[in-house]
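Asker: Okay, handing you the structure first.
Where a number appears in this text, it was derived from the coordinates with a stated rule and is not lab data. What you see is a predicted model, and the numbers here were worked out from it, not measured in a lab.
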Amino acid sequence: MAFGSRGQQAGRTPYVEPTVLVVISLGGGIGALARYAFGVWWPAGPDQVPWSTLAVNVMGCFAIGMLMVLITEVWVAHRLLRPFLGIGVLGGFTTFSTYGLEVRRLLESGAAVQALGYLGGTVVASLGAVVLAMGMTRWTTGMARRSTATARRKGARQ
């Protein structure tokens with residue numbers, strides 16, 4: 001188990017395996033580099049809605065929705081896959097701290113309508129992406145399981 005109670009006493013930080021911290025760090029570096037590259041490729045102007053950050057957050061949330069269904073309901077995943085991909089790569093890729101700073105920047109530049117639209121739109125789109133990805137992944141993997149089971153039954157009859 002990654003998080004445990006080894007040596008844990010009241011008020012102390014729980015024990016975390018060093019391997020888990022290493023994979024989170026490596027994944028976080030990869031995700032942050034990808035996010036940075038995306039922002040360089042699609043920069044935002046000083047008083048424009050930062051569409052690249054919105055896109056990164058929505059894509060990352062969609063990927064998190066898919067990943068969580070796959071590793072908790074479909075696959076028997078390696079114990080380090082979730083910390084590496086979920087916390088590390090996708091946590092480093094999505095950027096809700098930058099989102100907060102960009103809302104502030106828009107407000108300070110006098111673009112209050114854009115700031116409020118960006119503020120609410122990012123939350124709705126990101127949560128919607130998680131829900132959509134989870135539903136699509138469950139539907140897709142359920143269809144694959146049903147078609148495999150049907151093929152097995154047809155093969156057994158012949």
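Asker: Per residue of region 119-124, in order, report the coupling 6.51 cos²θ - 1.76 cosθ + 1.60 (Karplus, θ = phi - 60°) as ³J(HN,Hα) in whole Hz, putting x for Gly and Pro.
Answerer: Residue by residue, region 119-124 yields 4, x, x, 5, 5, 5 Hz.
Asker: Separate question: Quick one: which residues, 5+ away or cross-chain, put their amide H under 5 Å from the amide H of Y15? H built at 1.01 Å from N.
Answerer: Under 5 Å from the amide H of Y15: G4, R6.
Asker: Please list the non-local residues whose amide H lies under 5 Å from the amide H of T95, H modeled 1.01 Å from N, same-chain partners needing a gap of 5 or more.
Answerer: Here the answer is N57, since their amide H atoms fall under 5 Å of that of T95.
Asker: Under the Karplus relation 6.51 cos²θ - 1.76 cosθ + 1.60, θ = phi - 60°, what is the ordered set of whole-Hz ³J(HN,Hα) values for region 60-75, x standing for Gly and Pro?
Answerer: x, 5, 4, 5, 5, x, 5, 4, 5, 5, 4, 8, 10, 10, 10, 9
Asker: How large is ³J(HN,Hα), in whole Hz, for each residue of region 132-142 in order, when computed from phi with the Karplus curve 6.51 cos²θ - 1.76 cosθ + 1.60 and θ = phi - 60°, using x for Gly and Pro?
Answerer: 3J(HN,Hα) across region 132-142, in whole Hz: 4, 5, 4, x, 5, 5, 4, 5, 5, 5, x.
Asker: With a/c under 1.5 counting as rounded, go ahead and sort region 40-88 into rounded, prolate or oblate using the C-alpha gyration tensor (a ≥ b ≥ c being the square roots of the eigenvalues; past the cut-off, prolate if a/b is larger than b/c, else oblate).
Answerer: Judged from the Cα gyration tensor, region 40-88 comes out prolate (a/c at least 1.5, a/b above b/c).
Asker: Can you check how the C-alpha radius of gyration of region 15-158 compares to 2.2 N^0.38 Å, as a plain ratio?
Answerer: Here the Cα radius of gyration is 1.34 times the empirical estimate.
Asker: Same structure, new question: Quick check: residue separation of L101 and A37 times 0.36 nm, minus the Cα distance between them. What number comes out in nm?
Answerer: Gain in length upon complete extension: 21.2 nm.
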